[in-house]
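**Q** First the structure, which I've put down as structure tokens, then a few questions once you've had a look.
The values are calculated or read from the model by the stated rules, or taken from the named source; none is laboratory data. A quick note: this is a predicted structure, and the numbers were derived from the prediction, not measured. Cβ: placed from backbone, ideal geometry, glycine included. Neighbour counts: every protein chain shown.
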2 protein chains.
Amino acid sequence: MIFIDYRDTRPIYEQVTERFKMLILRGVLCPDEKIPSVRNLAVDLSINPNTIQRAYSELERQGYIYTVKGKGNFVSGDKELFRKYREEIFAGLRSICKAAFEAGITEEEIIQSIKGENAND
Amino acid sequence: MIFIDYRDTRPIYEQVTERFKMLILRGVLCPDEKIPSVRNLAVDLSINPNTIQRAYSELERQGYIYTVKGKGNFVSGDKELFRKYREEIFAGLRSICKAAFEAGITEEEIIQSIKGENAND
DNA sequence: ATAACTGTATTAACACTATTAGTACACTTA
DNA sequence: TAAGTGTACTAATAGTGTTAATACAGTTAT
């Protein structure tokens, strides 16, 4: 369910965070479902528990999971998650469009490049 | 002409590289125009010459400038620069659109969010 | 030729971050 | 009570970004 890409330049804890976010947003993990314990996942991925701990802390901070001490970490049922994540995406989009306009790329060119991009979904 | 934003999390050499790329792409700096010497710019920005050296090496590697030993660094006249940079932008755009589609955002929503975004240009 | 400017290369040091390692404490469940 | 859970802390290691100091080589102007 979770994996690490060692060719990826991003830190491991960030990859783990991103991966869980995706699984939750896409509904693969359901609200109140238990996710692997810090120690278990660390063994599975052959990395240090602290790294998983950091990823889980981040997920909790962003509202994707909640923690019950002594029991484990569970998927949040927060309906706002989708809206928040969409906002992140749109912010990134605005940022790259700004760069595009600065480079003289027109709105039409951008839209053209996007159209037909969603064939793989 | 060049400045450093210390609130920016990106490394200084990357900011300098990006800044020169923009000045060249937008035609502020013309082909064969001399850019500041490594030592001069380092003093201007109050940073180490090695950091500028790194930025210039990267700019040369990407074809934005060329170096004449003992004389200085000069803006390249490569016409392909624009095409290459546009490709970078479009690649970034594809990447973020992929994330958007994975989050269930539709093509129409993306296009709507882009339209009217170019008011500041 | 000399001085003053250029780029280039090398080595060392420092700070910060990502990660590992080990340990300890507290809570829950069987 | 034992085994599993999250949490907290400190230390060590590796990599990166940056600074610092120095040296070498080519160019230009005098």
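**Q** Residue pairs, Cβ under 6 Å, 6 or more apart or interchain, first in region A:50-62 and among the β-branched types (Val, Ile, Thr), second within 10 Å of DNA strand D (Cβ to nearest atom) and assigned to a helix (DSSP H, G or I). List them.
**A** Close Cβ pairs (under 6 Å, with a partner that is within 10 Å of DNA strand D (Cβ to nearest atom) and assigned to a helix (DSSP H, G or I)) amount to A:Ile52/A:Val38; A:Ile52/A:Leu41; A:Ile52/A:Ala42.
**Q** Looking only at region A:68-121, which residues are at pLDDT 90 or above, closer than 23 Å to A:Val28 by Cα and among the polar types (S, T, N, Q)?
**A** Scanning region A:68-121 gives A:Asn73, A:Ser76.
**Q** Quick check, is A:Ser57 at pLDDT 90 or above, closer than 25 Å to A:Pro36 by Cβ, assigned to a helix (DSSP H, G or I) and not β-branched (Val, Ile, Thr)?
**A** yes
**Q** Right, next: Only residues in region A:1-23 that are within 21 Å of B:Ala100 (Cα to Cα) and assigned by TED's automatic domain parsing to the domain that holds A:Leu59 count as the first member; pair them with residues that are of a type in the set (Ser, Thr, Tyr) and assigned to a helix (DSSP H, G or I), Cβ under 9 angstrom, at least 6 apart or cross-chain, and list the lot.
**A** Correct list of pairs: A:Val16/A:Thr51; A:Val16/A:Tyr56; A:Thr17/A:Tyr56; A:Phe20/A:Tyr56; A:Lys21/A:Tyr85.
**Q** Within region A:24-44, can you find the residues that are among the charged types (D, E, K, R) and touching a residue at least 24 places away in the same chain (Cβ under 8 Å)?
**A** Across region A:24-44, the qualifying residues are A:Asp32, A:Glu33, A:Lys34, A:Asp44.
**Q** May I pose another question? Any chance you could count how many residues in region A:69-80 are surrounded by fewer than 15 Cβ atoms within 10 Å (Cβ to Cβ) and either more than 9 Å from DNA strand D (Cβ to nearest atom) or within 14 Å of another protein chain (Cβ to nearest Cβ) (or both)?
**A** Of the residues in that region, 3 qualify.
**Q** Would you mind stating whether B:Thr106 is outside the structural domain of B:Ser37 (by TED's automatic domain parsing) and either hydroxyl-bearing (Ser, Thr, Tyr) or touching a residue at least 12 places away in the same chain (Cβ under 8 Å) (or both)?
**A** In short, yes.
**Q** Any idea how many residues of region B:8-35 are touching a strand residue (DSSP E or B) at 6+ places or on another chain (Cβ under 8 Å) and outside any helix (DSSP H, G or I)?
**A** Number satisfying all stated conditions: 7.
**Q** Give me the residue from region B:43-68 that is surrounded by fewer than 18 Cβ atoms within 10 Å (Cβ to Cβ) and hydrophobic (A, V, I, L, M, F, W, C) and, out of that set, nearest to DNA strand D (Cβ to nearest atom).
**A** Here the residue is B:Ile47.
**Q** Which of the residues that make up region B:13-58 are aliphatic (A, V, I, L, M) and more than 10 Å from DNA strand C (Cβ to nearest atom)?
**A** If the condition is that a residue be aliphatic (A, V, I, L, M) and more than 10 Å from DNA strand C (Cβ to nearest atom), then B:Val16, B:Met22, B:Leu23, B:Ile24, B:Leu25, B:Val28, B:Leu29, B:Leu45, B:Ile47, B:Ala55 are the ones that fit.
**Q** Do you know which residues across region B:65-78 are in a loop (DSSP other than H, G, I, E, B) and within 13 Å of DNA strand C (Cβ to nearest atom)?
**A** Selection gives B:Lys69, B:Gly70, B:Lys71.
**Q** Still on this structure: Yes or no: A:Asn50 part of a helix (DSSP H, G or I) and of a type outside the set (A, V, I, L, M, F, W, C)?
**A** yes
**Q** If A:Cys97 meets every condition in (1) surrounded by 19 or more Cβ atoms within 10 Å (Cβ to Cβ); (2) within 17 Å of the chain's Cα centre (by Cα) apart from one, which number is that one?
**A** For A:Cys97, the exception is condition (2).
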